[in-house]
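A short worksheet on the structure shown next.
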Amino acid sequence: MSSCGRIERQLLDVVRGTASDAVRLEVEAHLEDCASCREARASFGLLGALRGQAPPRLGAPAERRIVERLVATGVPRARRALAPRRPGRVVFVGLTVAALGALVVTRAPRGWRRTPAASPVAEGQTTEGQTIEATQAGVIAFEGAGVMYGRGTSLTFHAATRTIAMAHGEVDVDVTEHRARHFRVTTPKFIVDVLGTHFVVTPAGVRTLRGRVRVLDLEGRELAVVSAGEAWTSPPPASPPPLAPAATPSLTPPTPVPPSTVPAPRPPASRAAAVHSSVDVDALVARARAALAEGDAARASSLIDSARAAGPAPSERPVVDLLGADALLVARRPSDAIAAYRAVLRRYPDAPEAETASFAVGQLLFERGAQIEATAALNDYVARYPHGQFVREARERLAQIRPAE
Amino acid sequence: MSTPAKARAVPELAVDDPCLTGCRAGRPEAIEKLFRTYGGMVEGVIGRLVGPTPDFEDLVQTTFAEALGNLGRFRGEAKVSTWLCGIAVNVAHHHLRAGKVRRHVSLELVTDDRAPALPALVDPGVADKTIDGRRLASKLHALCDRISPKKRIALLLYVMEDRSVEEIAALMRATQTATRSRMYFARRELRKLIRADAELRDLAEGLLGATPEGEA
């Protein structure tokens, strides 16, 4: 056994190509007799395959954007953040501060300049009721918060109520906690209410980078609590059609389609065209995703239809179909969405998207109160993906269902 | 074929290079030169550690922003590339930690609109390889998302970036024992995850059958 442990360690060197001939021979001899190490060799071989690929690179436009932003930013004040203090022996200090710094820089929307000098309003100059119609991005200090806004943003500051009213645009707010006074950002559709946290608000929603925020409707009713790393999107303005009475779709366990029904790969003659289509599909999918993020289900559906018409590659079909199901969900058609998620599950049982679809079915059934079917679906999810990304949530739902049964 | 970090010659600026002085003074041409010199290296490190992500551009920018902000404290006791690599590793670590929280936000295969892969348009074989490679990278990194960021980074720095345990320990500000331990657990978890994934398992077996000695 100890031999296997040593061999497994050496396998990584074999994958790296840094193993000596003697080690390689020893590994090879061991692999002949040891199935477990052969399996390890196969697994690490995947890393080897990945290693053989060129690393991802930014294109020239993206690199140009970065340089422009770095130049616009200039040399910021030194932060005790992510840079090693002692070169050679890399020492990182102040990880908490670093996380903050990283988030601030990472999350800043494109085109934002971070120098106060670049902002039309200098820090600390806000007055009650002052309005900014930003012709360029900038930074401003307001009531203990650092407020970065993008070009075209319209903000009105109300110090008395510690509120920023945003008519349009995008604002990134880093609020210092003040127990006695909440901080608010209001938009035409919703209100974001916080104590101390860091978040980004657009007219379409809010993304929390640190802490938690409460999203309220204009009457002050709580719509959502958005924790760090989560995002909330405002529902589309059009009033949705009333939900159909709780249908009880039969939950059949997803069964893999027979190979004959799997769409056949395109013939070689059309490969070049297929690559073009793939590029189109990628772009359409990205646009559909953006439309969904804005809550525009109709536009997303139309783009998804276009993506389907463009002839997605077999590897892209699950993505497109999953997005189609998401669009139905955003359009508040849960029954159709459930059917669509099931279709994803049935058609592409081995695709990564099947996992999301599987959990989505259980979650939607749970939300609709169809407890028996939800239980079956969630159990099915847990059985299929015991280490899945939503296992914890699935188990929580199951635990919530059980007491009621 | 293989393009690990150390196999690629990383251009290096001398610690007293006027470019660094210019960067400290905020001169645009110096900042641009710094990015042009080390951009590829940083992109490689971030890309290999984090995998396909829509935040790639932001992460690269964050690395350079941090570097510029801390250049005043760089005393030149190490190569600039080593120092920048340390920042990149830490930026990646922070991102991965946050990514655990945000895992439900994005599950898609990230498209790489920046790399249109022109050869792929004329050579179907290249196209297939590109798509397969992307898919493999996507799946493997998705699996790696289930391994803790520290373990994942230690393993990937070792295998993908060809760093020694000593270097990884220094980059991650850990002891060599801790680094070896992280690599051990990462290895074990990755094996288990690949075993549980039918597609990757088949791929791995196919790969083994096709190239017994493996890598390029």
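The values are calculated or read from the model by the stated rules, or taken from the named source; none is laboratory data. Source: prediction; values computed, not measured. All Cβ positions, even for glycine, are placed from backbone atoms using ideal geometry, and neighbour counts span all protein chains on display.
Name the single residue, out of those in the range A:375-391 being within 11 Å of chain B (Cβ to nearest Cβ) and assigned to a helix (DSSP H, G or I), that is modelled with the lowest pLDDT. Spell out the reasoning first.
Applying the first criterion (within 11 Å of chain B (Cβ to nearest Cβ)) to the range A:375-391 yields A:384-391.
Checking the rest, the ones that are also assigned to a helix (DSSP H, G or I) come to A:384, A:391.
Details: A:Arg384: 85, A:Val391: 79.
Out of the qualifying residues, it is A:Val391.
Within the range B:77-87, count every residue that is assigned to a loop (DSSP other than H, G, I, E, B) and within 7 Å of chain A (Cβ to nearest Cβ).
Of the residues in the range B:77-87, the ones assigned to a loop (DSSP other than H, G, I, E, B) are B:77-79.
Retained after the next criterion (residues that are within 7 Å of chain A (Cβ to nearest Cβ)): B:77-78.
Adding up the residues that qualify gives 2.
Name the residue that is surrounded by the fewest Cβ atoms within 10 Å (Cβ to Cβ), counting only residues in the range B:46-60 that are within 23 Å of B:Arg163 (Cα to Cα) and at the interface with chain A (Cβ under 7 Å from one of its Cβ atoms).
Ranking the qualifying residues of the range B:46-60, first place goes to B:Pro52.
Mind listing just one residue for me: the one in the range B:1-57 that is of a type in the set (Ser, Thr, Tyr) and modelled with pLDDT of 80 or more and, of those, nearest to the chain's Cα centre (by Cα)? Write out each step before concluding.
Within the range B:1-57, the first condition is being of a type in the set (Ser, Thr, Tyr), and the residues that meet it are B:2-3, B:21, B:37-38, B:53.
From what's left, modelled with pLDDT of 80 or more: B:21, B:37-38.
Details: B:Thr21: 28, B:Thr37: 17, B:Tyr38: 14 Å.
The selected residue is B:Tyr38.
Is there a residue being modelled with pLDDT under 75 and in a loop (DSSP other than H, G, I, E, B) anywhere in the range A:34-53? Lay out the reasoning, then the answer.
Taking the range A:34-53 first, the residues modelled with pLDDT under 75 are A:52-53.
Checking which are in a loop (DSSP other than H, G, I, E, B) leaves us with A:52-53.
The answer is yes, given that some residue of the range A:34-53 is modelled with pLDDT under 75 and in a loop (DSSP other than H, G, I, E, B).
State the number of residues belonging to the range A:5-54 that are more than 11 Å from chain B (Cβ to nearest Cβ), more than 19 Å from B:Ser181 (Cα to Cα) and β-branched (Val, Ile, Thr).
Residues that pass the stated criteria total 1.
Select, from A:Glu355, A:Glu396, the only residue that is assigned to a helix (DSSP H, G or I), surrounded by fewer than 17 Cβ atoms within 10 Å (Cβ to Cβ) and of a type in the set (Asp, Glu).
On the way: A:Glu355 fails: surrounded by fewer than 17 Cβ atoms within 10 Å (Cβ to Cβ).
Only one candidate qualifies: A:Glu396.
Specify the residue that is farthest from the other protein chains (Cβ to nearest Cβ); the eligible residues are those in the range B:162-195 that are part of a loop (DSSP other than H, G, I, E, B) and farther than 26 Å from A:Arg38 by Cβ.
From the range B:162-195, those part of a loop (DSSP other than H, G, I, E, B) are B:162-164, B:172-175; that's our starting set.
From the residues that got through so far, the ones that are farther than 26 Å from A:Arg38 by Cβ too are B:163-164, B:172-175.
On the way: B:Arg163: 10, B:Ser164: 9, B:Met172: 8, B:Arg173: 5, B:Ala174: 10, B:Thr175: 12 Å.
Result: B:Thr175.
Mind listing whichever residues of the range A:342-356 are modelled with pLDDT of 85 or more, aliphatic (A, V, I, L, M) and out of contact with any Leu (no Cβ under 8 Å at 6 or more places or on another chain)?
A:Ala343, A:Leu345, listed by residue number.
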